[in-house]
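Peer 1: Encoded as structure tokens, here's the structure I'll be asking about.
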Amino acid sequence: MFEKTLEYSIDSALKGRMTQEAYSKAIEQQNSISEENYGTIKYLAEFAVRPMFRTSVHKTPADYGIEVWEDIYFPSSDGTPLEGWYIPSVKGESNKLIIINHPMPMSRSGFTGHFGEPFSGVDTLEIDFVAHMAHLSKAGYNILAYDLRNHGNSGAANGGICGIGRYEWRDVIGAQQYVKNHPNLSKMSIGLYNRCTGGNAAYEAMYRHPELFEDVKCFFGPLTVSMSALMTSFAGLMGLDNYMELMDFEQLKLGGFTNSEMHPQNYAQAVKMPYFMAQVKDDIWTDNPKDAQEIFDAIGSEEKELFWIENTNRRFDGYNYFGIHPERMIAFFDKYLN
């Protein structure tokens, strides 16, 4: 005969992830929400924790007249295979290297909203990150750009879950180790260009392994975001922002993280090198300027700058900004890598 010998409670099972109060609210919301709205909350939870598609590497440096580059391959710190490019400066030999990654659900080359579904369900814009690389290469910088796990051409890991940095920090570590162990790249002055998810990942990588970043000269970090701000705004656009506890619970059920667990503010104090943040001031997908200012204030750097991208409320315009207006980007790297 089976005899129960242990007592379990939701508070101990979810301690540090969801409190008893938040869990109770989630169950109340689950019991009261309409079937249609519940489907939307589940959709948003899925979006928060798992890329619904892989964005292809849809452009190469050849699109900008760059004839010499190479495909590279290296492991994340946990062994996940990562793929990328090494693009040497088109101006000739250079001792300056910029390591670049990208947001979720994009790839190293950007985003293909202009291809139609399924991408246009997120946004209809093309985002062209290769344009940024071309500007930097033509300004005298070598580029190492790579796809994060579960994105682009890199390997799958963690059941396909994206942690908006909580797993991807291992990829940032892998890139640092690849450079440090490379006979030529290890001799170069290094700057980082990590956006959104990639920026969040870099914060946590620096928090966990600060010794790997002691020689990094600077960090260009546009559009980092806290997931509570992002997902509350998404839910609010659909009139469902009073179901955030239920969304957190659905994210946990999918094997992901709660929104607060993915906050970059938790690790931002570990950023110590000169730092440049850019944000869409009226970003309709967040509660900017509040969220961006909180992240920026948490950054541990003594030298830091926050630049507001204005005259748009479209987040994806921010990703394209420095491909169209590269002057600030180049000036930042020129200041700290020369």
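Peer 1: For helix 227-237, what angle does its Cα long axis make with the longest principal axis of the chain, in degrees from 0 to 90 and rounded to 10?
Peer 2: 70 degrees
Peer 1: Now for a separate question. Which is the longest run of the chain containing none of the GluC sites (Glu not before Pro) found in DSSP loop states (not H, G, I, E, B) with at most 11 other C-beta atoms within 10 Å?
Peer 2: Between exposed loop sites, the widest span is 94-213.
Peer 1: Next question, about the same structure. Could you work out how far apart the two model spin labels at Met238 and Asn313 are, taking each label as a point 7 Å from the Cα in the direction of the beta carbon, and quote it in nm?
Peer 2: Simple spin-label model gives 1.9 nm for this pair.
Peer 1: Could you pull out the pairs from Lys91/Lys180; Lys253/Lys290; Lys138/Lys281; Lys59/Lys138 whose alpha carbons sit more than 20 Å apart here?
Peer 2: Those over the limit are Lys91/Lys180; Lys253/Lys290; Lys138/Lys281.
Peer 1: Return the loop-located trypsin sites (Lys or Arg not before Pro) in segment 79-164 (DSSP other than H, G, I, E, B) with at most 13 other Cβ atoms within 10 Å of their own Cβ; answer none if there are none.
Peer 2: The qualifying sites are Lys91.
Peer 1: Right, another one. Explain nothing, just the number: dipole magnitude of segment 27-120 about its Cα centre with +1 on each Lys and Arg Cβ and -1 on each Asp and Glu Cβ, in debye rounded to the nearest 20.
Peer 2: Here the size comes out at about 240 debye.
Peer 1: I've got another one for you. Over the residues of segment 218-286, compute the C-alpha Rg and express it relative to 2.2 N^0.38 Å.
Peer 2: Cα Rg divided by the expected 2.2 N^0.38 Å: 1.29.
Peer 1: So which chymotrypsin sites (Phe, Trp or Tyr not before Pro) in segment 18-110 end up in coil per DSSP with only 14 or fewer other C-beta atoms within 10 Å?
Peer 2: Counting only loop positions with at most 14 other Cβ atoms within 10 Å, the chymotrypsin sites (Phe, Trp or Tyr not before Pro) in segment 18-110 are Phe53.
Peer 1: Continuing with this model, one more query. Once neighbouring chains are kept in place and the probe is 1.4 Å, which whole percent of the accessible area of the chain is contributed by carbon and sulfur?
Peer 2: Carbon and sulfur atoms account for 49 percent of the accessible area of the chain.
Peer 1: With all pairs of different alpha carbon atoms counted, what Kirkwood hydrodynamic radius in Å does segment 57-104 show?
Peer 2: After inverting the pairwise mean of 1/r, the radius is 12.7 Å.
Peer 1: Scan segment 96-134 for chymotrypsin sites (Phe, Trp or Tyr not before Pro) in coil per DSSP, keeping those whose Cβ has at most 16 other Cβ atoms within 10 Å, and list them by number.
Peer 2: none
Peer 1: Given the chain, what whole percent of its Cα pairs are spread farther than 30 Å?
Peer 2: 34 percent
Peer 1: Report, as a whole number in µm² per second, the diffusion coefficient that Stokes-Einstein gives for segment 179-312 at 37 °C and 0.692 mPa s using the Kirkwood radius over alpha carbon pairs.
Peer 2: Taking Rh from Cα pairs, D becomes 206 µm²/s.
Peer 1: If you take every residue apart from Asn31 with its C-beta less than 13 Å away from the C-beta of Asn31, what net charge results, scoring Lys and Arg +1 and Asp and Glu -1?
Peer 2: Net charge around Asn31: -2.
Peer 1: Label points 7 Å out from Cα along the Cβ direction at Ile27 and Ser120: separation in nm?
Peer 2: It is 4.5 nm.
Peer 1: Once you have the Cα-Cα distance between Glu46 and Glu211, take 0.36 nm times their residue separation minus that, and quote the gain in nm to one decimal.
Peer 2: Extra length available between Glu46 and Glu211 comes to 55.9 nm.
Peer 1: Helix 244-253: angle to the longest alpha-carbon principal axis of the chain, degrees 0 to 90, nearest 10?
Peer 2: In the chain, helix 244-253 runs at an angle near 80 degrees to the longest axis.
Peer 1: By the scheme Lys and Arg +1, Asp and Glu -1, what is the net charge of all other residues having a beta-carbon under 10 Å from that of Ser260?
Peer 2: In short, -1.
Peer 1: Could you work out the percent of alpha carbon pairs in segment 93-156 separated by over 17 Å, rounded to a whole number?
Peer 2: When every Cα pair of segment 93-156 is considered, 47 percent fall beyond 17 Å.
The values are calculated or read from the model by the stated rules, or taken from the named source; none is laboratory data. Computed from a predicted structure; not experimentally measured. Note: ideal-geometry Cβ built from the backbone for every residue, glycine included; neighbour counts use all protein chains shown. Note: accessible area is taken over every heavy atom of the protein model, side chains too, but ligands, DNA and RNA are not part of it. Shrake-Rupley method; radii C 1.70, N 1.55, O 1.52, S 1.80 Å.
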